[in-house]
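These notes concern the structure reproduced below.
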Amino acid sequence: MIRITIYVNEHHVYTGFDVKGHAEFSDPGKDVVCAAVSMLVINTMNAMEAFTEDETSHVSDEEEGTIEFRFRRRPSHDADLLINTMILGLESLEENSEYEPYIDIIFKEV
């Protein structure tokens with residue numbers, strides 16, 4: 001199962017996220033759940049780097065299937081829009097009855 005923890009502060013501002021695990025929906029290389037999550041998350045991180053001035057940090061381990069992403073400061077309007085878009089896509093996957101057993105999204109107040 002892929003576990004996604006999205007960190008949000010008391011002002012309802014997203015401060016980062018962690019992605020851990022493999023979906024195991026299908027064989028490696030054919031797993032549409034892993035592919036969808038990876039595409040949403042990595043594209044969001046790349047878009048933040050390309051289109052915003054936000055300072056972020058991230059650590060990833062492909063073998064373990066982990067990504068840890070944090071904003072160093074309050075996200076800009078554009079970065080906030082990008083992370084909200086990522087969350088919308090991830091929640092759409094989680095709400096799909098076929099994929100729901102393979103993805104879990106948790107919002108954690110920090």
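Can you tell me which residue within region 35-66, out of those that are touching an Asp or Glu at 6+ places or on another chain (Cβ under 7 Å) and surrounded by 17 or more Cβ atoms within 10 Å (Cβ to Cβ), is farthest from residue 14 (Cα to Cα)? Within region 35-66, the match that is farthest from residue 14 (Cα to Cα) is 52.
Checked against the criteria, residue 24 does not count as charged (D, E, K, R), assigned to a loop (DSSP other than H, G, I, E, B) and at pLDDT 95 or above.
The residues listed here are 18, 78; of these, the one that is modelled with pLDDT of 95 or more and within 13 Å of the chain's Cα centre (by Cα) is 18. The criterion of at least 3 residues that are touching a residue at least 60 places away in the same chain (Cβ under 8 Å) is met, among strands (runs of 3 or more DSSP E) falling completely within region 35-110, by 103-109.
The values are calculated or read from the model by the stated rules, or taken from the named source; none is laboratory data. Keep in mind that this is a model prediction, so the values were computed, not measured. Don't worry about glycine lacking a Cβ; one is built from the backbone with ideal geometry, like all the others, and counts go over all protein chains shown.
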